[in-house]
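Below is one structure, written out as structure tokens; comments come after it.
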Amino acid sequence: MVKPKEQRVEVLMDVQNLYHSARNLHNARVNFNEVLKTAIAGRKFIRAFAYVVRTKTGEEKPFFEALANLGIETRVRDLQEFYDGQKKADWDVGIVIDAIRTAPGVDVVVLCSGDGDFIPLVEYLKNQGKRVEVIAFGRTTSSALKEAADEFIDLGQESRKYLMKIKE
């Protein structure tokens with residue numbers, strides 16, 4: 001589908017969602033450069049946010065730098081570790097706030113996540129006259145989210161393009 005070149009596009013990447021789907025489904029890493037290219041699709045690129053989690057070890061720092069080199073702004077949250085050993089780093093509210101805050105300046109919001117919790121956000125943005133596209137792995141994406149979006153792009157359909165093998 002050809003997309004109008006004059007559309008202003010913003011990309012919101014739920015990195016944890018994509019990371020875990022790629023790892024669990026394909027034992028691979030996401031090629032965020034290709035995801036970004038697909039999201040922009042030759043239109044006017046306004047900005048992209050990647051919502052990431054920082055661990056105590058800091059081993060993810062080169063990855064954050066790689067995202068920045070692609071022109072993606074990182075939003076960083078520290079991993080919370082609880083007494084019982086559980087770990088949590090939830091970016092859902094941050095993604096929603098950024099989407100609502102920045103939506104007036106764009107025509108298209110591309111949400112890179114399969115999380116069904118974003119359905120109310122998709123509906124809100126569409127009611128504001130925005131086109132909402134979802135990019136994620138079809139097998140781990142909420143079917144209701146796929147239906148709510150104006151377009152769904154399944155990263156699993158072209159795994160050679162969107163995935164990179166994990167170095168042993």
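The values are calculated or read from the model by the stated rules, or taken from the named source; none is laboratory data. This one's a predicted model, so the numbers in the text were calculated from it and none came from an experiment. With ideal geometry, Cβ positions are generated from the backbone for all residues, glycine too; neighbour counts draw on all protein chains shown.
Identify, please: which residue in region 127-141 is assigned to a helix (DSSP H, G or I) and in contact (Cβ under 8 Å) with a residue 40 or more places away in the chain and is, among those, surrounded by the most Cβ atoms within 10 Å (Cβ to Cβ)? Full working, then the answer.
Initial filter on region 127-141 (assigned to a helix (DSSP H, G or I)): 127, 138-140.
Filter once more, keeping what is in contact (Cβ under 8 Å) with a residue 40 or more places away in the chain: 139-140.
On the way: R139: 13, T140: 18.
Within region 127-141, the match that is surrounded by the most Cβ atoms within 10 Å (Cβ to Cβ) is T140.
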(message) Please verify whether V53 is under 14 Å from I153 (Cβ atoms), part of a strand (DSSP E or B) and within 15 Å of the chain's Cα centre (by Cα), treating the condition exactly as stated.
(response) no
(request) Report, by residue number, each residue of region 90-126 that is outside any helix (DSSP H, G or I) and buried (at least 16 other Cβ atoms within 10 Å of the Cβ). (result) W91, V106, D107, V108, V109, V110, L111, C112, S113, G114, D115
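Considering each of L79, L25 in turn, give the residue that is touching a Gly at 6+ places or on another chain (Cβ under 8 Å) and among the hydrophobic types (A, V, I, L, M, F, W, C). Don't jump to the end; show me each part of the working.
Details: L79 fails: touching a Gly at 6+ places or on another chain (Cβ under 8 Å).
Within the list L79, L25, the selection yields L25.
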(request) Please specify each residue of region 79-91 satisfying the condition of being free of Cβ contacts under 8 Å to residues at least 60 places away in the same chain and in contact with a strand residue (DSSP E or B) (Cβ under 9 Å, 6 or more places away or on another chain). (result) L79, Q80, E81, F82, Q86, K87, K88, D90
(request) Could you figure out which of (1) without any contact (Cβ under 8 Å) to a residue 60 or more places away in the chain; (2) surrounded by 13 or more Cβ atoms within 10 Å (Cβ to Cβ) isn't true of E34? (result) (1)
(message) Condition check: touching a helix residue (DSSP H, G or I) at 6+ places or on another chain (Cβ under 7 Å), among the small types (G, A, S), part of a helix (DSSP H, G or I) and closer than 17 Å to V11 by Cβ. Does A144 satisfy that?
(response) no
(request) Check L125, L145, L155, L121 and return the single one that is under 13 Å from the mean Cα position of the chain (by Cα) and at pLDDT 95 or above. (result) L155
(request) Pull up region 15-50, narrow it to residues that are assigned to a helix (DSSP H, G or I) and among the aromatic types (F, W, Y), then point me to the one that is modelled with the lowest pLDDT. (result) Y19
(request) Any residue in region 53-78 that's under 17 Å from N17 (Cα atoms): show its pairings with residues that are hydroxyl-bearing (S, T, Y) at Cβ separation under 9 Å, as long as the two are six or more apart or on different chains. (result) F64/T74; L67/T74; T74/Y51; R75/Y51; V76/Y51; R77/Y51; D78/T55
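Considering only residues that are loosely packed, with under 12 Cβ neighbours inside 10 Å and not in a loop (DSSP other than H, G, I, E, B), which ones fall in region 77-89?
Here is the first cut: in region 77-89, the ones loosely packed, with under 12 Cβ neighbours inside 10 Å are 78, 80, 82-88.
Selection gives D78, Q80, K87, K88.
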